[in-house]
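Presented below is the structure to which this report refers.
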Amino acid sequence: MTNSLVRQIKPPLICTAAILLLWQLLCSGTHSDFPGPIQVISQTWNPYIAKPFYDDGGTAKGLGWQILISLQRVAVGYSLAAVVGISCGLALGLNRFIRRGFDPVIQVLRTVPPLAWLPISLLLFQQADAAAIFVIFITAIWPIVINTAMGIREIPQDYRNVARVLRLRKRSFLWDIVVPSTAPYVFTGLRIAIGLAWLAIVAAEMLKADGGIGFFIWDAYNAGGDSSTSQILLAILYVGVVGLLLDRLVAWVGDRVSGPQR
Amino acid sequence: MASFLQLDSVEQNFTRADGTVLEALSTINLEISKGEFVSLVGHSGCGKSTLLNILAGLNQPSRGGVILEGRQVTEPGPERMVVFQNYSLLPWRSVRQNVALALREVKRELSASERAERTEAALAMVNLDKVAERMPGQLSGGMRQRVAIARALALEPKLLLLDEPFGALDALTRGHLQEQLMQLCQKAGITTVMVTHDVDEALLLSDRVVLLTNGPKAHIGRIVAVPFERPRCRKAVLQHPDYYKLRNELLEFLHDQRRLSNRKPAPPKPAAELQAAAASSPSPKPIRLGYLPGLDAAPLLVARQKQLFEKQGLRVELLRCQSWEEIDDLLRIERLDGAALSAAQPLTMATGAMASTPLPMVVTQTLSRNGNALVLGTQLSISSSEGLLLHLRQGLPLKLGVPDRLSMAELLLRHWLARQGVDPAQVSWQRRSPMGLLAALEGGLIDGFAAGKLRACLAQHRRSGRVVLTDSAIWPNHAEKVLALRESWVDAHSNQANSAAVGLTAAVLEAAAFCDQTSHRQELLQVLTEPQAFGPQLLAPLQEGLAESNLAKDLNQATSLLRFNRFFLGQASYPDPAEGLWVLTQLARWGMAPWPNHRQELLERVYGRRLFLEACDRLGMIDQEPTQRRYQLAEGEYFDLDEPLSYATNLPFSTLSPCLP
């Protein structure tokens, strides 16, 4: 291992270890039902950690499958949100009337927590899967719309002047100026949105779903077995890690697309 | 001659967020020839970038327009290529792609290979072909600006506009790039307009430097021609004998502009003091204006007759004086607040010329134009200007009476004599009160006199003299008399909500408009011959003089009498500092006063244009500012505003020696 890598890993390693140690100590008392890290691992090793892709039929699947089910729903809802969101953001950014007109609606709706949408979406779509996707959609769309609109308006006046003086054709204006200068803003919106979407799906599944990691957590809670707490804690860890990976993925794509900005 | 690029009465106003209007630019008139390099120089915030944007078509002016090769500019376009201060290169495209993009979008008729060739040529021109693949973010500021210039030149625009192109760079890079730009522009021969605040840069690169006054209402203050030969090199330019003289002139102008902006009006009297003054004298003190009887004072008399002063809420007393000396004295002891003076007098008084103490005056408007004549006594038997010249060329003596304070009549006559090759020093100039000129002529003390039309009419009427020359032959429509107020009075009364000076100007302006209408001539005559004015004894001569036939017969040219005295028509009332500049050149030429150091400031101070324009606004009169900027004296002679000092030096019989610094 190179020196710099060691230097980078040392602090997080030490602090994480400290937290685990603390947790273990807090849960060591014999009267405590709450598992410490060691117990969590030992209770969930088989089958959850060892066989993430086991399938016993129905909703009894390994964590790997559960996560994939959740991701599938996220993928659909998020893609819809991205397409609709970017289009609406463009419209708002370009047209002052539309922007001013829809601004109050957007500001009100975007503060509504994802789960509050669930009853409405269930009424609309009847089916749990579609309802969950809708919840993701309605949660993820707001940051995309708002950031895209901002990006359009933030095209520096200098480039617009150049476009005017050179009399750039529409196509060139779009590809050479609008897209590259708005891309960072759009991806900021997308990055925020993916975090929100992942949040929303886990919560939505806990309320009403078949399969998925949120469902798994709630199911484990209801089952109330010996190792349910450990299962829940493990699932939480997995949720967090997947969320992080999603965020990094979008960021990486955004960097590749945007290129140098200054 | 239509010029390549023309700015025609361009004005630019901005409306601020709170609704008030900021008049950034006011009446810019400029003509630029093809291939010329012009710099726009001025303080920050004076509006030079705004002006450049208007030239580019990025902004539309509030009034006026830009005409390029005969067509008006309304939209930006690649034939007016701009190099911005912030380079404006697309950071997500490489250097080559940036230039190629411009060529692709603009020169669509070329094939791809031709465009590629031109891209490479452009980059090679600025020595950046080696870094063509890099992104702009990886280049230094100077290199980025070179790319921007390459992009602009690759398009072969008709007009190149540079907005402080080197402002963001360090001095060494700037110097290097200036030379490169100079070489590029010289080679390509493109018409260029560059905005800069660097005086040395302007001198190195330009053919002409246009100096803008400070905002608001910024306009062209001065245009300086840069005579260095092309092709130029920096060393040779710096060693040129005129370099520092020009540099100082530019810096002086900018310095004056800053002083003008910073000049504060007289401190306002505290409210208590104003109230106490108002309480002790229940009615405002009347404004006292002096005048000498003559047709030029007609607007004042008409204003009094028609109570136009009262209409503006003012009480005005007109005091009829006997001589210019009397008016001068009364102004100095503050018994008069202002007077109808000859157009040459305010500057003479302000500079303290001809051995007098300076007394600053403010000219609010031109009262009358034209109206002078040279009358020679009948005993001389000279009946024409040719006869006069013959008389003088033979070396015969001539005693001419002129008003006792410097008048336009005297200046114009001297100028005319010099133009005809006669040294004015040959003439014996006798200064007398205008009232006494006719008597002096009839008494044989003088051979003739130069004065206003009233005396000329009288002399003709009494057959004691005849008119041999009028000022229409020397400078048609020159400013003859002006209304001037003591600067101390103007400052003292400028803080009132209803400025008295503006009201005064407005009243006289309204009267002037009245005077110039032919339908009012009869009424005008009546006003002038009332006992309070000139008296009924002048009725006959005035009627003769105002009649079309008599005077016209005696003149060599068919000058319409209607234009003989002009009070208002043709923007006659505008107090034009350019005419004051001519007076300054004449004062210097005849050795009456030294050439002033801060002439711009002096002229701005003496000529109260803002007062005048405010008065116009009050009356709802528009278009009172003349658009024409070239001053044509007679016989195709022009007064060049750009080079007044050399104009004064090069006039015949000038006492200024050419090697004056």
So which lysines can B:Lys187 reach, going by Cα to Cα under 25 Å and dropping same-chain residues fewer than 8 places off? B:Lys34, B:Lys107, B:Lys130, B:Lys158, B:Lys235
Across peptide A:82-93, how many C-beta atoms of other chains are within 10 Å of each residue C-beta, on average? 0
Nearest 10 degrees, 0 to 90: what angle lies between the long axis of helix A:157-166 and the longest principal axis of chain A (Cα atoms)? 40
Just by accessible area at a 1.4 angstrom probe, what is the order of B:Lys187, B:Lys158, B:Lys481 from largest to smallest? B:Lys187, B:Lys158, B:Lys481
Counting only the backbone N, which residues of the stretch A:65-87 are under 19 Å from the spot 7 Å out from the Cα of A:Lys170 toward its beta-carbon? A:87
Taking the Cα centre of chain A as origin and charging only Cβ (+1 Lys, Arg; -1 Asp, Glu), how large is the dipole, in debye to the nearest 20? 1680
Full extension between B:Ser646 and B:Arg71 adds, at 0.36 nm per residue less the Cα distance, a length in nm of 203.5 nm
Determine, from the Cβ-Cβ distance of B:Glu334 and B:Asn59 and an R0 of 51 Å, the FRET efficiency 1/(1 + (r/R0)^6), rounded to the nearest 0.05. 0.55
Modelled FRET efficiency - R0 56 Å, A:Gln157 with A:Leu25, Cβ distances, 0.05 increments: 0.40
Pick from A:Pro143, A:Pro11, A:Pro104 the residue whose mean-square fluctuation is largest in a GNM of chain A, springs joining Cα atoms under 10 Å. A:Pro11
In the protein assembly as shown the DSSP beta bridges are antiparallel at a rate, in percent to nearest 5, of 60
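Quick one: dipole size for the protein assembly as shown, taken about the Cα centre, charges +1 on Lys/Arg Cβ and -1 on Asp/Glu Cβ, in debye to the nearest 20. Display every interim value, and only then the final one.
Numbers: 92 positive and 84 negative charges, 140 e Å.
Dipole magnitude for the protein assembly as shown comes out near 680 debye.
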Quick check: with the 1.4 Å probe, what order do A:Leu123, B:Leu110 take by accessible area, largest first? A:Leu123, B:Leu110
Could you check the simple spin-label distance between A:Ala17 and B:Glu625, using points 7 Å along Cα→Cβ, in nm with one decimal? 8.0
Spin-label pair A:Val6/B:Glu23, simplified geometry with 7 Å Cα→Cβ offset, distance in nm: 7.7
Sorting check: for B:415-421, A:215-221, which peptide has the highest mean count of neighbouring beta carbons within 10 Å, and how do the rest follow? A:215-221, B:415-421
From the Cα gyration tensor of the protein assembly as shown, with a ≥ b ≥ c the square roots of its eigenvalues, which class applies: rounded if a/c is under 1.5, or else prolate if a/b is larger than b/c, or else oblate? prolate
Solvent-accessible surface (1.4 angstrom probe) belonging to B:His43, in square angstrom, nearest 10: 50
If each K or R counts +1 and each D or E counts -1, the residues other than A:Leu92 whose Cβ falls under 10 Å of its Cβ total +3
Spacing of the two label points (7 Å from each Cα toward its C-beta) at B:Glu114 and A:Leu123, in nm: 6.8
What angle, in degrees between 0 and 90 and rounded to the nearest 10, separates the Cα long axis of helix A:213-223 from the longest principal axis of the Cα atoms of chain A? 30
Reachable aspartates and glutamates, given that their alpha-carbon falls under 20 Å from the alpha-carbon of A:Lys170 and they are not under 8 places away in the same chain: A:Glu154, A:Asp158, B:Glu75, B:Glu79, B:Glu105, B:Glu109
Taking K and R as +1 and D and E as -1, what net charge do the other residues with C-beta under 10 Å from the C-beta of A:Gly62 add up to? 0
Computed E for B:Ala188/A:Ser42 - FRET, C-beta separation, R0 56 angstrom, nearest 0.05: 0.10
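Leaving out ligands and nucleic acids, note down the accessible area per residue over the stretch B:118-256 with a 1.4 angstrom probe, in whole Å².
Per-residue accessible area for the stretch B:118-256 comes out at 40 Å².
Counting each DSSP H run of 4 or more residues in chain B as -39500 (n - 2.57), what helix-only mean residue ellipticity at 222 nm follows after dividing by all residues, to the nearest 500 deg cm²/dmol?
Roughly -11500 deg cm²/dmol at 222 nm, from the helical runs in chain B.
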Fully extended contour minus Cα-Cα distance, from A:Arg110 to A:Ile236, at 0.36 nm per residue: 42.8 nm
Roughly how much of B:Arg63 is accessible, in Å² to the nearest 10, using a 1.4 Å probe? 130
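The values are calculated or read from the model by the stated rules, or taken from the named source; none is laboratory data. These numbers come from a predicted model, not from an experiment. Backbone-built Cβ (ideal geometry, glycine too); neighbour counts: all protein chains shown. These accessible areas exclude ligands, DNA and RNA; they are computed on the full protein's heavy atoms, side chains included. Shrake-Rupley method; radii C 1.70, N 1.55, O 1.52, S 1.80 Å.
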